[in-house]
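See structure below.
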Amino acid sequence: MATAALKRWGLAALTLVGLSLLVLALLFLASTVENADRFGEIYNWIFLLNLAGASILLVLIISNLVRLVREYRSQVPGSRLASRMVAIFVGLAVLPLGLVYYFSVQFISSGIDAWFDVNVEAGLGDALDLSRATLESRMREHLDATRQIAETLRGREDLAMAAQLEVLRRGSGAIELTVVGQSSRIIALSSDRSMTELPAAPNDEVMLQIRQGRPFVSLDPVRDSFVVRTAMAIPSGHPLDELRVLHALFPVPERVGLLANSVQEAYAQYRELSFLRAPFTRSLTLALTLVLLLSLLMAVWGAFFFARKLTAPIQTLVAGTRAVAKGDFDTRLPMPARDEMGFLVHSFNDMITRLAGARELARQSQQAVESQRAYLAVILGRLSTGVVSLEQDWRIKTANEAAGAILGVDLEAAIGRPLAEVAEGRPLVRELIEVGRGHIDTGDFEWREQIMLRGEAGRRVLMCACSALPGEDGAPDGFVIVFDDITALLQAQRDAAWGEVARRLAHEIKNPLTPIQLSAERIRRRFLGQMSDEDAQVLERATRTIVQQVEAMKEMVNAFSDYARAPDMEIVHVDLNQLVAEVAELYRVREIPVVIELSLDPEVVTVEADAGRVRQILHNLIRNSVEALEGQDDSVVRITTRGTEEFELRAVFIMVEDNGPGIPPDSVDRIFDPYVTSKPKGTGLGLAIVKKLVEEHGGWVEASNQAEGGLRITIALPADEGARSAMLRREIRASELRRAHA
Amino acid sequence: MRRAERWIEPRGWRLAAAGLFVVLCLQAGGARAEEGIEIRSAATRLQGGVWFLDADIIYSLNETALEALDSGLVLDVELAIRLTQRRRIIWDPTFAELKQRYQLQFHALTERYILRNLNSGEQATYGSREAALAALGTVRALPVIDDALLSRGERYDVAIRAVVDIKQLRGPLAVITFLWNDWRIAGDWVQWRLQR
């Protein structure tokens, strides 16, 4: 990230520097137009700047091109559009630039060539020749005049020359006459100019020509005019005389001089331009090429720049869209500009904001639903009523804890599975499904029924209600089955009824029994002595039978009384194992041919219970087994104690098992009812009293046939007050405790 | 010339070498081997408390310069004289600098070469180019510096160099002068010690 930003800044700085250099170069160029002298000082800088600018542009273009190619190959969003735009921009820039360049070069070449005309050149040459011819005739005239003056001065003494020279100068119209001797010594001088400075002596060229015996004549340009310079040796009288040279300057008429000068200047300018034609053309072409190159590079770079500028928002949009697709609704795109792209980005941001709001609302709704669901789950979890919601195809949608406890299966773990699949090996569930299907298959979605299920642990009575979950098009989207285990309730009602019966029997029957017995005994005493032996025997037997049967009835009524009686519980700490051992020892006598085995859990130390009631429970259970085993060889009664601390409560299990015939399966759920017995002996109240005493402790008892034969009676008793309270409040269900015990 | 030595002018534009290379490649033709400016002799002499310079310089103009001269363009000639104070450790500072400027031009009407001394204003004409160049190259008794201006005990070096430029063009034409470097002929510096 940091590297990318650094790169971007670097490129921007490079661009800025390049453009600044180019602008600087242009400013320099502009300044040279105003002041050409400065060009010499800065032209190197101009070239350097142009070169640097072009190099920077080239680097930028190459880097942009490489980047674009890389993005194109990687199929980066926007790269194809950028490529097309760059190609179009470059094409649009190169074509007109090329055309302008071609025609400019043509115009420069042909335009400059058009300045030079053969006729003009020839005319200027002719004019120059004409001027020269005119001036040459004057030069010849002045040379002749010089020659005459020289002849006039022949043989003159130096001193006499000065005075004569003035006369001769005036006569010849010369500006200046000078006689020069050896070593440029001025012998005589006549001039109409001021004498502030000495006249220039004839130079080497003049002297050389004169020594060669040829007179010298030349036309010298002086400012805007000309002078004719002549020089000639003054003839001497003797060969050994000193060489004296007459040097004369003659004026050229002003008009002639001006015209000749004008011709000269025109000719010189033409020749100058003619000479400059080729380099000037080359220079302009070169400058044009440089400008074209820079323009082209700037256009190409501009193409990259603007293509990237235009595609950048698109790339940003694509990135934003991808982020949103991944669920990132916090993405906000930077606004590029107040144009159409800016509007698009603004709309995108607005859309994301709305989406984020909608998602937040959905999240809050979901949270509320979850909260409601959790709340409902808590309520359902604390309900003692089983609640199961099912899909249309009888798959378990939800189930509370109580439902699993009642049906004896972990329904919460089976959520999502068909109920029928859960029902395998679970007769309770299977029967429930059969009952439910019986209604639903006939279109009865709203029903309520008390159903009786027969499970391994006996008969279970459920109060069951079903409601259809509303779905689309009025069709049910599933079902909710609510059921409650009312087995215990019914049992309690039954127990209460039996208790009432017992109480009434005890009250209503016991009272007349004593008068009956007393009356029978009085009859025997009064009439026994008065009867014959035969009658006395009959009376004796009859009264004895009455007394015996009354005694039997009293015994039965006392038993009923015991059943109905509910004295206060005396809860004490009872050593259960010791109590079991004591009670069991009472039955280890010769008269009782039963082997009693004990399997006592040493962890079971004490339980808080009514010692008398527990002792009676044990007596009743052992007696029940012993009576059941009567007449059977190898009779064994096994008493087992087990402690548990499941569900954070202490409880003990007491199991009494025998290897007797067991009980018929249809009597399993009624074995604890009064007067339900399969034995020839007994009142039929033993197990009913056991159940009553156990339930007074808050525990539960159940009977089942063992797989290997024999009856097993299991008792669960709370070991302390907390457990007793919890079990009495049915916070811990018997089925749960049973599973823990299993 | 006493203890004359040559060195190449230190150019400040080495960085522009790459750019100028392009321009150099575009030159119409290469310089001839014998072309250039050669200082045959140079000497300073003290006369009347003034140091004078005598020098003989051979100006061998290249084809472009000759063509320009014959086409009527002005050749600007500059004779630079530099007096430096010799130091042991740091660079030698320029003590005094004198530039003698001339102009040489062919006058088509008179068919004579005009040589102007821009410093003195003197003008002379010559019938041939060789004569004019010879006159240009003959430097006699050119006053350089007053001896009283020089410090006693210090050592001074004198260096001279001649440069010929084809006419300084104005405006857009000035580009030509700098694009085509055969428009400028520069001699090497010749340096010698000022013997006092």
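The values are calculated or read from the model by the stated rules, or taken from the named source; none is laboratory data. Not measured: the values here are computed from a predicted model. We place every Cβ from the backbone using ideal geometry, glycine too, and count neighbours over all the protein chains shown.
Could you check A:GLU205 against (1) out of contact with any Leu (no Cβ under 7 Å at 6 or more places or on another chain); (2) farther than 29 Å from A:ASP129 by Cα; (3) modelled with pLDDT under 85 and say which number it fails? Only one criterion in (1) out of contact with any Leu (no Cβ under 7 Å at 6 or more places or on another chain); (2) farther than 29 Å from A:ASP129 by Cα; (3) modelled with pLDDT under 85 is unmet by A:GLU205, namely (2). Do the conditions hold for A:LEU284, that is, is it more than 30 Å from B:GLY127 (Cβ to Cβ) and facing chain B (nearest Cβ under 9 Å)? The answer is yes for A:LEU284.
A:VAL572 meets all of the listed conditions (1) in contact with a strand residue (DSSP E or B) (Cβ under 9 Å, 6 or more places away or on another chain); (2) surrounded by 14 or more Cβ atoms within 10 Å (Cβ to Cβ); (3) not in a loop (DSSP other than H, G, I, E, B) but one, namely (2).
Pull out all pairs, ordered by first then second residue, where Cβ-Cβ is under 9 Å, the residues are six or more apart or on different chains, the first lies in segment A:204-220 and is away from chain B (no Cβ under 13 Å), and the second is at pLDDT below 85 and buried (at least 20 other Cβ atoms within 10 Å of the Cβ). Note: pairs meeting the criteria are A:ILE210/A:PRO202. Scanning segment B:43-59 for residues that are part of a loop (DSSP other than H, G, I, E, B) and either in contact (Cβ under 8 Å) with a residue 60 or more places away in the chain or of a type in the set (D, E, K, R) (or both) returns a single hit, B:GLY49.
Being within 27 Å of B:GLN123 (Cβ to Cβ) and of a type in the set (Gly, Ala, Ser) is the filter; apply it to segment A:221-248 and report the residue that is farthest from the other protein chains (Cβ to nearest Cβ). Per the stated criteria, the residue is A:ALA233. With respect to the conditions (1) surrounded by 15 or more Cβ atoms within 10 Å (Cβ to Cβ); (2) away from every other protein chain (no Cβ under 14 Å), B:SER41 lacks only one, and its number is (1).
You will find that of A:LEU376, A:LEU296, A:LEU361, A:LEU355, the residue that is out of contact with any Pro (no Cβ under 6 Å at 6 or more places or on another chain), surrounded by 15 or more Cβ atoms within 10 Å (Cβ to Cβ) and hydrophobic (A, V, I, L, M, F, W, C) is A:LEU296 and no other. Put simply, of A:LEU65, A:LEU135 the only residue that is in a helix (DSSP H, G or I) and within 14 Å of chain B (Cβ to nearest Cβ) is A:LEU135.
Only a single item in (1) part of a helix (DSSP H, G or I); (2) touching a residue at least 24 places away in the same chain (Cβ under 8 Å); (3) basic (Lys, Arg) is not met by A:ARG154, and it is number (1). Across segment A:43-62, the number of residues qualifying as more than 22 Å from A:LEU296 (Cα to Cα) and either at pLDDT 80 or above or more than 10 Å from chain B (Cβ to nearest Cβ) (or both) comes to 0. Among the residues of segment B:87-145, the ones that are among the polar types (S, T, N, Q) and either under 16 Å from the mean Cα position of the chain (by Cα) or more than 12 Å from every other protein chain (Cβ to nearest Cβ) (or both) come to 6 in all.
Can you tell me which of A:LEU57, A:LEU48, A:LEU124 is surrounded by 12 or more Cβ atoms within 10 Å (Cβ to Cβ), in contact (Cβ under 8 Å) with a residue 60 or more places away in the chain and in contact with a Gly (Cβ under 8 Å, 6 or more places away or on another chain)?
Answer to the check: A:LEU57.
In this entry, A:LEU177 passes the filter for residues that are closer than 17 Å to A:HIS247 by Cα and either loosely packed, with under 14 Cβ neighbours inside 10 Å or of a type outside the set (D, E, K, R) (or both). Of the residues screened, A:LEU288 is not one that is surrounded by 17 or more Cβ atoms within 10 Å (Cβ to Cβ), out of contact with any Lys or Arg (no Cβ under 7 Å at 6 or more places or on another chain), part of a helix (DSSP H, G or I) and in contact (Cβ under 8 Å) with a residue 12 or more places away in the chain. Among the conditions (1) loosely packed, with under 12 Cβ neighbours inside 10 Å; (2) assigned by TED's automatic domain parsing to the domain that holds A:TRP301, A:SER137 misses just one, which is (2).
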